[in-house]
1. For the chain, what does the helix formula give at 222 nm: sum of -39500 (n - 2.57) over DSSP H segments with n ≥ 4, over the residue count, nearest 500 deg cm²/dmol?
2. Please give the solvent-accessible surface of Ile216 in Å², to the nearest 10, using a probe radius of 1.4 Å with every protein chain present.
3. Could you go through segment 185-200 in sequence order and give the Karplus-derived ³J(HN,Hα) for each residue, using 6.51 cos²θ - 1.76 cosθ + 1.60 with θ = phi - 60°, rounded to whole Hz, and x for Gly and Pro?
4. When Lys and Arg each count +1 and Asp and Glu each count -1, what net charge do the other residues less than 14 Å away from Phe184, Cβ to Cβ, add up to?
5. Give me the percent of DSSP beta bridges within the chain that run antiparallel, rounded to the nearest 5.
6. For segment 189-239, which GluC sites (Glu not before Pro) pass both filters: DSSP loop (anything but H, G, I, E, B) and at most 10 other C-beta atoms within 10 Å?
7. Per residue, how much accessible surface does the chain expose to a 1.4 Å probe? Answer in Å², no decimals.
8. Probe radius 1.4 Å, ligands and nucleic acids left out: which of Met1, Met56, Met284 has the largest accessible area, and how do the rest follow?
Amino acid sequence: MRTPIFTGACVAIVTPFTEGGVDFDQLGKLIELQIAGGTNAICICGTTGEASTQTMEEHLETIRYCAEKVAGRIKVIAGTGTNSTMEALYLSQEAEKYHVDGLLMVTPYYNKASQAGLVQHYTYIADRVHTPIVLYNVPSRTGTTIQPETYQILARHPMINGCKEASGNFPALSHTLALCPDDFYMWSGNDDQVVPMMSLGAKGVISVVSNVWPEIMARLTALCLEGRYDEAAKLQLELLPLIDALFCEVNPIPVKGAMNMMGLKAGKLRLPLCDMSDAHMEQMRTTLTQYGLLK
């Protein structure tokens, strides 16, 4: 019987960059803020962490630093998925050396694999690692969707712990949960869908919002885990203007802008990502003020 890598709120943490590389001192401060704020897990080098613009050396060093900084206090999930099966395997096996708790593996992008190809891709890697894998379905970014029947096949593998679902396709989510065993777990990949997904059985969220307000996402998921869905639904709706602002442009552009406004020193974006428009900067400032998040 598999157990979920984590329950509750996992932050998809940003990577603070300077002109010279990763600002590890600042990353350490952000990690400590998350732990103090009640976050249950950290996802390092995911989409929000701009892993796609890191060198291989930076990517692995960032994972290593995070794992050592956390030192077992909460769970660490390393983003190791790419559109190359062999590269994803290499990153995964290297990340395992740092004793991370899970591997987040996005569907191969650009290649647009078939469902059979997805099964072979994930199975090839899962057969060669010893750390639980979280599949990551985000078709808006990758152009590829994991179908419920494909999840059903992959869920049989003992090293595949579950999935981060960011498709927003609730009929497909329901079919996936119905087809897969009880010990195949799901986490929301969308901050605005935490409560409905957890009401279906998801175990929590891998969250962008947690970067700016870890306490609130920890509370939202805790309410759901306690079955207090009336309170959770009310809180979910109260957070919608903040969530909308944090996704007014492609992630992680807005969240890094918000964090820098808040004095959290999220650092620079790496091209091809660039700063928010002036209009969205003003929207963000107004929204953060509304929630009392600006000092």
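1. Numbers: 13 runs with 131 residues, N = 295.
Dividing the helical sum by the residues of the chain leaves -13000 deg cm²/dmol.
2. 20 Å²
3. Each residue of segment 185-200 in turn: 9, 10, 10, 6, x, 10, 5, 8, 10, 4, 5, x, 6, 5, 5, 7 Hz.
4. 0
5. Here the antiparallel bridges make up roughly 10 percent for the chain.
6. Glu226
7. Working: 12360 Å² over 295 residues.
The answer is 42 Å² per residue.
8. Values: Met1 185, Met56 65, Met284 0 Å².
Output order, biggest surface exposure first: Met1, Met56, Met284.
The values are calculated or read from the model by the stated rules, or taken from the named source; none is laboratory data. All of these numbers come straight from a predicted model, not from anything done at the bench. As a convention, Cβ positions derive from the backbone with ideal geometry for all residues, glycine included, and neighbour counts pool all protein chains shown. The area values use the complete protein model at the heavy-atom level, side chains included, leaving out ligands, DNA and RNA. Shrake-Rupley method; radii C 1.70, N 1.55, O 1.52, S 1.80 Å.
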